[in-house]
Amino acid sequence: MSAPALDRPLDESALQGRFDATIAAGHRIEPRDWMPEGYRKTLVRQIAQHAHSEIIGMQPEGDWLLAAPSLRRKAVLLAKVQDEAGHGLYLYSAAETLGADRADLTDKLIERRQKYSSIFNYPTLTYADVGVIGWLVDGAAICNQVPLCRSSYGPYARAMIRVCKEESFHQRQGYELLMTMMTGTAEQQAMVQDAVDRWWWPSLMMFGPPDDESPNSAQSMAWGIKRHSNDELRQRFVDMTVPQAEVLGVTLPDPELALDRDTGRYRFGAIDWSELQRVISGQGPCNDERIARRRAARDDNAWVTEAATAYAEKHAGV
Amino acid sequence: MSDLTAEGGHGAVPTGPEVPVEPGAATTRRDWPLYEVFVRGKRGLNHVHVGSLHAPDEEMAVHAARDLYTRRNEGVSIWVVRAADITASSPDEKDPMFTPSGDKVYRHPTFYEIPENVPHM
Amino acid sequence: MHEETVYDALDSAHGGEGQWAFGTGFDEPLAGVDTTVPDGIDPADLGEYCLMLGDDALVLAQRLTEWMTAARELEEEVAFGNTALDLLGQARLLLARAGSVGVLGRSRERATPSIPDEDALAYFRDPDEFRCTALVAAPGGDFGQTMVRLLAASTLRLAVFTRLRDSRDPVLAAIAAKGVHELTYHRDHAARWVLRLGDGTPESHRRAQAGVDAVWPLLADVFSATDVERRLVAAGVAVDPAATRSEVTAVLTQVLGQATLRVPEWPADVPPRGRVGEHSPDLTALLATLQGLARQHPAATW
């Protein structure tokens, strides 16, 4: 295909100027637009991490799929874990519009050369964990993700619209499960409280380091691929969640949690980052297991992918 | 704390050495090609691009699209097309290809100011 | 109306509340269906038959669910999820029907009264009270064997459900009418995979053939009717499995032939086994996983 030649090919600074103007006007950058290399690399990393997190995130809850305690819960959980596979797929697709390749990204995940959200390295000890993951972990994810629906990169923003719509079902099913369990036996109520105790702080850590220790945020904000600061989103999550905990009848494990009458916002205690550091540095309870499962899925079934490719080649044009 | 980042929807991802992802990093492995998926949401609407997926061939791509993009009854009809088969205008052509219509504002309904009390417009 | 994404259009098509993500256009499958047992039908037989069809769906759904987080391609993971969800939906309707006509076996001695019938039956029956065939209860094996089994099981079930749409029991007829669409898709999906594996690479051919060879012996009792089925066939309620034989064998022979796979000798008919509660330890293990948590907390509500 020969493109009509332009009289004056645009030089780099003109392209940069056009890119900056597009961002400044709040318009979307689309796949075939010129973009700075740093923007592209940052986006691929961010979207890939997000996709990896969805795929690894299938496992903590997936561990309960076969044992879900009612058929209705089994169907709900199956639909949810399936959604997460879908979310990973939408996101890998968005990364592919930037020149990445899904199989290559999967390899990098399995070889631990790319990372995923540390929250998914915690184990799910009881069925209440399924509910708490929906309520707190998905709730925190929604706080992070809703602003991404306005990401400056079009394919990512569009993928996130769909993801966010589906995530809202995830959070609601989790909260509903917990409400049901809280009307159940004393043992069930204790299970819920125990799960809340274990997941509350990791959920707050999901928002990342405090703003003054988050060096890369400024550039991402300028590029419109990050919309709110870590602390801002964390505060928003706490303010949303505390009243929900009250309705549920559980205690959030933070003695310093208190409503600030002046601001209408909740003050909360200092986060102990050393615990998260331990999980991140590969000493989390489930790091190896999570990766091993994905590796087995890839390697044990490579013959299936190859078979379908071979069949397609044999029957091409038939 | 600098070895943590919250980018990506699930937050708190460890930073640390990561390999850059280069464009066209597709390996020599024979992975399935990429298909673009278009769904007609309901009768009377156009097919709209909803995303993409990998499939070994057209038939399986339609199946996968049905399973993935219409599992909540989002569509009544699906098109798939290999991403590699799409011919697109280049962004560099944008000016010559699209600006000529930019001044033909009379083609756009909002060009015509209609008093608000005119019904059914 | 300007619609930026396809979802805006969906949203407006479904009430504009942003609720389509919870599912749209769902019909209550049994809405308006008369649930009284028609004259001349023994409710005990009807319930037992519902258990046969319901347990097949429940157990196969459980086997397919084992693939979640284990498939290589995400597209296939989503497909497994859809098939399992369809079957789980069929199982719930059928078990609920069994419960509603009073067939609950020993489950009600163990399950708390507040637990719905479908769960009492799924979680509080012992293996010998299950009525599924070995075809669905056997371990899944690799992807090839999984797809061969899915092909055989969905071909058989589709043949039964197609006929069951004319059942004198309006509930069974309604469940079958809904299920036919789902099963047609399952069979089609499995057949496409068997074609690709059989006629793919030498390795995939070998594995698919091994899958066929492993699955075929499981067909020995699938065409044998129980006494319950015989009585219900006479009453115009049930489908005689023997009546599906020619269709099932023709479909399987055609798919395998096109897939360049060898059709093994059809196993000689044996009397019903799974349908009368005779199972291998595979089912016991499957049920231990499925039921463990629910039985640990018999008084709980979920």
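Only the coordinates and a few stated rules stand behind these numbers; no lab work does. In this text the structure is predicted, and so the values were computed from the model without any measurement. Cβ placement follows ideal geometry from the backbone for every residue including glycine, while neighbour counts extend to all protein chains displayed.
Some observations on this one:
- Distant-in-sequence amide H partners of B:Val48 (H built 1.01 Å from N, under 5 Å): B:Val39, B:Arg40, B:Gly41
- Candidates per trypsin sites (Lys or Arg not before Pro) in region C:203-268, loop by DSSP, up to 14 other Cβ within 10 Å: C:Arg262
- Listed by chain and number, the lysines whose alpha-carbon sits under 20 Å from that of A:Lys226, ignoring those within fewer than 8 places in the same chain, are A:Lys41, A:Lys115, A:Lys165.
- Gain in span if fully extended, B:Val81 to B:Val62, counting 0.36 nm per residue against the direct Cα distance: 5.9 nm
- Under the Karplus curve 6.51 cos²θ - 1.76 cosθ + 1.60, θ = phi - 60°, whole-Hz ³J(HN,Hα) for region A:286-294, x wherever Gly or Pro sits: 10, 3, 5, 4, 4, 5, 4, 5, 5
- Label sites at C:Ala288 and A:Thr263, each approximated as a point 7 angstrom past Cα along Cα to Cβ, lie 5.4 nm apart.
- Across chain C, Cα pairs under 8 Å and at least six residues apart give a relative contact order of 21 percent.
- Given chain C, longest segment not containing exposed loop GluC sites (Glu not before Pro) (DSSP; at most 11 other Cβ within 10 Å): C:18-264
- 3J(HN,Hα) from dihedral phi, region B:34-49, Karplus parametrisation 6.51/-1.76/1.60, rounded to Hz, x for glycine, proline: 8, 10, 9, 10, 10, 10, 8, x, 7, 4, x, 9, 6, 5, 10, 5
- Scanning residues 5 or more positions from C:Asp42 or on other chains, none has an amide H under 5 Å from its amide H, with H placed 1.01 Å from N in the peptide plane.
- Normalised contact order of region C:71-133, rounded percent, pairs of Cα under 8 Å and 6 or more residues apart: 28 percent
- Built amide H within the under 5 Å cut-off of A:Tyr153, gap 5+: A:Ile29
- Look at A:Thr42, C:Thr249, A:Thr263, A:Thr106 and count the other Cβ atoms within 10 Å of each Cβ; fewest to most, that gives A:Thr263, C:Thr249, A:Thr42, A:Thr106.
- FRET efficiency estimate (nearest 0.05) - Cβ-Cβ, A:Arg112 to A:Met240, R0 45 angstrom: 0.85
- Normalised by the number of residues in region B:27-85, the mean separation of alpha-carbon contacts (under 8 Å, six or more apart) gives a relative contact order of 43 percent.
- Between helix A:37-56 and chain A there is an angle of about 40 degrees, using the helix long axis and the longest principal axis of the Cα atoms.
- Neighbour count of at most 16 Cβ within 10 Å plus DSSP loop: longest trypsin sites (Lys or Arg not before Pro)-free window in chain A: A:114-260
- The simple Förster model, with R0 at 56 Å and r as the Cβ-Cβ distance, assigns B:Ala88 and C:Asp126 a FRET efficiency of 0.35.
- Across region A:261-278, coupling constants 3J(HN,Hα) worked out from phi with the 6.51/-1.76/1.60 Karplus curve, θ = phi - 60°, read 4, 6, 9, x, 10, 8, 8, 9, x, 6, 7, 8, 6, 5, 5, 5, 4, 5 Hz, and Gly and Pro carry x.
- Among A:Gly174, A:Gly208, A:Gly99: highest mean-square fluctuation, GNM of chain A, C-alpha pairs under 10 Å: A:Gly99
- Once the Cβ-Cβ distance of C:Ala234 and C:Val263 is raised to the sixth power relative to R0 = 45 Å, the FRET efficiency obtained is 0.85.
- The aspartates and glutamates whose alpha-carbon is closer than 13 Å to the alpha-carbon of C:Lys178, local same-chain residues fewer than 8 away aside, are C:Asp27, C:Glu28, C:Asp86, C:Asp166.
- Shape class of chain A from the Cα gyration tensor (axes a ≥ b ≥ c, square roots of the eigenvalues): oblate, since a/c reaches 1.5 or more and a/b does not exceed b/c.
- Remark: A:Met191, A:Met240 ranked as A:Met240, A:Met191, counting other beta-carbon atoms within 10 Å and listing the fewest first.
- Paramagnetic reach from A:Arg72 in region C:122-150 [backbone N under 16 Å; point 7 Å along Cα→Cβ]: C:122-123
- Qualifying GluC sites (Glu not before Pro) in region A:233-318, DSSP loop, other Cβ atoms within 10 Å at most 15: A:Glu256
- Euclidean distance between Cα centres, region C:129-174 to region A:243-314, Å: 37 Å
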